[in-house]
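Asks: The structure is given below, and queries will be raised subsequently.
No value in this document is a laboratory result; all are computed from the given coordinates. If you're wondering where the values come from, they're calculated on a predicted model, not measured in any experiment. Positions of Cβ are generated from backbone atoms using ideal geometry, with glycine treated the same way; all protein chains shown enter the neighbour counts.
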């Protein structure tokens with residue numbers, strides 16, 4: 001079993017299947033503004049990033065600047081969409097097994113705090129995660145790919161970041177984990193996974209690529225724990 005002092009999870013696409021939800025909302029709203037971008041193209045540039053980075057990309061690539069009404073409307077639609085966010089298959093079991101094993105874990109997400117909380121609550125993962133859910137506001141707005149968020153999450157767990165494992169689905173997030181000094185694995189279990197994702201994550205420094213939470217549980221040596229519910 002790999003020896004780690006703590007596990008640090010991304011949220012979207014790792015624990016909850018929210019990437020397609022969020023990006024579909026974006027694409028639909030942009031289309032209403034007269035900017036037609038197909039979903040795969042948008043997701044290739046959006047997954048793992050912050051809204052600030054997305055707005056810069058839209059301006060640089062399409063010459064589009066958001067109107068004043070865009071962000072409030074986006075917030076309202078995302079809030080509604082995230083009310084039905086589902087946990088990725090096996091995610092709850094992974095967290096429950098980690099808790100049973102006494103291995104600390106936290107969530108570090110580029111989501112706004114209100115969205116982070118809503119997705120955790122809607123998916124049923126909030127009781128398992130508890131207070132250890134962190135967003136860029138905890139580190140002065142310095143979200144991924146900056147290393148600050150993962151370094152902060154490790155510190156809140158009392159763990160040495162170099163002895164932590166980061167679980168990510170995006171190059172942006174995985175790069176943040178590597179830059180912070182953690183070991184990073186790619187987990188491609190969400191509904192948004194593209195065939196090229198594994199190669200991109202490996203190129204960004206992922207030491208392993210896993211396809212399901214059941215594989216992750218096995219890699220962490222959690223399969224033999226006493227919980228018996230299906231993965």
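Asks: For the chain, what is the relative contact order in percent, using Cα pairs closer than 8 Å and at least 6 residues apart in sequence?
Replies: It rounds to 27 percent for the chain.
Asks: Relative to the first principal axis of the alpha-carbon coordinates of the chain, what is the inclination of helix 171-180, with its axis defined by its Cα atoms, in degrees from 0 to 90 and to the nearest 10?
Replies: Taking the Cα atoms of the chain, the angle to 171-180 is about 50 degrees.
Asks: As a footprinting exposure proxy, order 25, 166 by other Cβ within 10 Å, with the fewest listed first.
Replies: The order, fewest Cβ neighbours first, is 25, 166.
Asks: Continuing with the same structure: What does the helix-only formula give at 222 nm for the chain: each DSSP H stretch with n ≥ 4 adding -39500 (n - 2.57), the total divided by the residues, and the result rounded to the nearest 500 deg cm²/dmol?
Replies: -13500 deg cm²/dmol
Asks: Would you mind ranking 211, 93 so that the residue whose beta carbon has the fewest other beta carbons within 10 Å leads the list?
Replies: Fewest-to-most Cβ neighbours within 10 Å comes out as 211, 93.
Asks: Using Cα atoms only, what is the angle between the long axis of helix 51-62 and the major principal axis of the chain, expressed in degrees (0 to 90) to the nearest 10?
Replies: Roughly 40 degrees, rounded to the nearest 10.
Asks: Can you give the relative contact order of segment 19-84 as a percent, counting alpha carbon pairs under 8 Å and 6+ residues apart?
Replies: Dividing the mean separation by the residue count of segment 19-84 yields 38 percent.
Asks: Please report the spacing between the Cα centers of segment 124-202 and segment 1-34 in Å, no decimals.
Replies: So the two Cα centres are separated by 12 Å.
Asks: To one decimal place, what Kirkwood hydrodynamic radius in Å is obtained for segment 19-84 from all pairs of distinct Cα atoms?
Replies: 12.1
Asks: Between segment 41-77 and segment 79-110, what's the alpha-carbon centroid distance in Å?
Replies: A separation of 26 Å, based on Cα centres.
Asks: Moving on. Would you mind calculating the gained length between residue 31 and residue 96 on full extension (0.36 nm times residue separation, minus the Cα-Cα distance), in nm to one decimal?
Replies: So the extension gain works out to 19.3 nm.
Asks: In what sequence do 61, 170 fall when counting other Cβ within 10 Å, fewest first?
Replies: 61, 170
Asks: Between Rg and the Kirkwood Rh of segment 89-150, both from Cα atoms, what is the Rg to Rh ratio?
Replies: 0.99
Asks: By DSSP, what percent of the beta bridges with both residues in the chain are antiparallel, rounded to the nearest 5?
Replies: 5
Asks: Here's something else I'd like to know. Considering the Cα positions of the chain, please state its Rg to one decimal place and its Dmax as a whole number of Å.
Replies: Over the chain's Cα set, Rg and Dmax evaluate to 17.1, 56 Å.
Asks: Going by alpha carbons, how many degrees (0 to 90, nearest 10) lie between the helix axis of 70-82 and the longest principal axis of the chain?
Replies: The angle comes out at about 40 degrees.
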